[in-house]
1. Show the residues, 5+ positions off or on another chain, whose built amide H is closer than 5 Å to the amide H of Leu549.
2. How high is the relative contact order of the stretch 155-275, in percent, with contacts defined as C-alpha pairs under 8 Å that are six or more residues apart?
3. So, for the stretch 563-658, what is the accessible surface per residue at a probe of 1.4 Å, expressed in square angstrom?
4. Rounded to the nearest whole Å², what accessible area per residue is found for the stretch 263-357 with the 1.4 Å probe?
5. Please express the Cα-Cα pair-distance distribution P(r) of the stretch 457-615 as a list of whole percents, one per 5 Å bin, running from 0 to the bin with the greatest distance.
6. If you roll a 1.4 angstrom probe over the protein chains with everything in place, what fraction of the accessible area of the stretch 288-381 belongs to carbon and sulfur, to the nearest %?
7. Which whole-number value in Å³ per residue fits the convex hull of the alpha carbons of the stretch 179-305?
8. Modelled label-to-label distance, Tyr469 and Asp326, 7 Å Cα→beta-carbon offset: nm?
Amino acid sequence: MAELLLELFSEEIPARMQDRAAADLAGLIAAACAEAGLKIGDVVHHSTPRRLTVVVRDVPEATDDVREERKGPKADAPEKAIEGFLRSTGLTRDQVEERDTPKGRVLFAVIEKPGQPAAEVLPALIEGAIAKLPWPKSMRWGAHPVRWVRPLHSILCLFGGAVLPVRFGPVTASNTIRGHRFHAPDAFEVTDFADYQAKLLDADVILDREERKQVIDAGARALAADKGVQLIDDAGLLDEVAGLVEWPVPLMGRIDDAFMDVPPEVLILSMRTHQKYFATRTPDGALSPFFVTVSNLTAEDGGAAITAGNEKVLRARLSDARFFWDQDRERTLESRLKDLDPIVFHAAMGSVRQKAERISILAGWIADQIDADVMDARRAGLLAKADLTTEMVGEFPELQGLMGAYYARHNGESDAVAAAIASHYSPAGPNDACPSDKVAVAVALADKLDSLAGFFGIGEKPTGSKDPYALRRGALGIIRLVLENGIRLDLADAIAQAHELVSADFAEAPPVPRDQVVAELLDFIADRMVVALREKGVRHDLVSAVISLGRDGDLIRLTARVQALMDLLESDDGANLLIAYRRAANILRIEEKKDGQSYAGPADRSLFKGSPEASLGAALEAATEKSARAIAREDLATAMGLMAALRGPVDAFFDAVTVNADDPALRANRLKLLAEIRDTLHQVADFSRIEG
């Protein structure tokens, strides 16, 4: 067994591509080895800004011997058929075997191929993997016909310490590598991965990505602690910066005090997006004037010049942000509404201003339903999109909504209005915070319902994996807004209101009528409910069992039913009742299929024979009546308790009564009684959908 070591050394690879490319390269090499008959050990990959490295351990010295058996024509087949078979196998007539088969004597060729030395197989295999490596973007350089993400400088390829003659474009493999671009630019030889990694470290290159991240994180936190501040965690930025440096050296700089009254979100985003700086905060949570930048070298002056240069560049960046901040505040959000007229939300649904006006009306209606301030909700809905016309949001689209809140407060709007503007896009994902203030909830719901009703109204529904307008995310946002805030809102009415508003702005008559949109959207939201509750550990079949009873626009009531059903089935009575239900449903299905007709209750009580039958009939009547009243007043625990109490009468019935009696009338009546069992339980859930 030997070790295979490959390094592809190039100009700087974009940080977002490095780790994926190294993993893809490792996967391609592993797949090619398996196809060639090389049973390899672990495959490990590494990446830095200038190199992709793959290590394959326990590579055999040769491929496995191959024994292949091919069936040919009959022994007495025409000569041309036999000659064709021999040509395809490369054997002569006396080298093939004749064997007896049920169809007579048949020719068989046994081809034995000895294993090939791995050193002869690997070069072509590696070259193929390099050529197949998928890049989001690639380039040609010089006059070379091959493509790579950046110009390739060298290839290191060692198998058992010996160089393999791998070639890609103008570059041929050797046993030499280079270290840090500035600290150790000269080439040096390596013999295996351990030697390679150790010599790279001596040449100021930390090969392991996770190790670089740890160095950056620890160094940044230490610098922050020295200033009495705390590093603001940013896993995405940490991962990106680890792909920008081979020898990370964290340095601390300072934001000019002249910019500290600009909103902290602007400062953080500007530093993160443009400069890749880490922000810090004071112990009380406010943004501190210190930032951390990461250099790719150890400077003789301790990094003073690098830090000064970064502070200078940051001043220029923040000067732009400060200018946008000052300019935007010269106009009120209300004065910007007319600037939304030319911005098309969708060709079929009018401008963004029209959408804002629809949100305003719908938010007011929802606020009235959930006991929120109607005027604040309408005001926030009207102004929610106004910051789209500001310079700041034009530069930093990620701040839309948030900047609107800052400008709203500057304009004298209430805190409730400002907060609703800030959070009306939320929740934008599973990790996004959900608004809790009722005005904010009303505006956020209105924004999402307007989009859903509009796109469903023109037939633009998500299909398969395609969801260009993020309607699934919008539906999940509605679910979270309702459930996390305990909002009692009939979504059927809300969707109807939204459709009525957006229909007035349709360029043509709505192609999908209101009732169809309401039905389709309730089903769409119900499907997302199954997903949302499953992620919280709720069994999907229980959600489906409740949802299948019919469309319910009250998500709070729906989830309460699911919880009540869970509680029922976790009890012994509920679990046994489910078994009895299935027995009744199975008998009904079989007999209905046999008879070619369906049986529906109520059963004729005068035909009952014996107390078990009569007791079950009486229990079903009582349970049906009482559970209907309990469900109407949303006393689901009582309704489920009534269902659980049926266990005894149902068990007694099956123990004592033969359903398929000889008397046809008695048999039909008992089948109707089974239908009553099914229909009574279906008052609370469709038990046929429950698994297990």
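The values are calculated or read from the model by the stated rules, or taken from the named source; none is laboratory data. Not measured: the values here are computed from a predicted model. Every residue, glycine as well, gets a Cβ built from its backbone with ideal geometry; the counts of neighbours run over all protein chains shown. Protein only, heavy atoms only, side chains kept; ligands, DNA and RNA dropped before computing areas. Shrake-Rupley method; radii C 1.70, N 1.55, O 1.52, S 1.80 Å.
1. Asp686
2. Relative contact order of the stretch 155-275: 17 percent.
3. Ligands and nucleic acids excluded, the result is 52 Å² per residue.
4. It amounts to 47 Å² per residue over the stretch 263-357.
5. 1, 7, 12, 15, 14, 12, 10, 10, 8, 5, 3, 1, 1, 0
6. The computed percentage sits at 52.
7. Cα convex hull per residue, to the nearest whole number: 112 Å³.
8. 4.2
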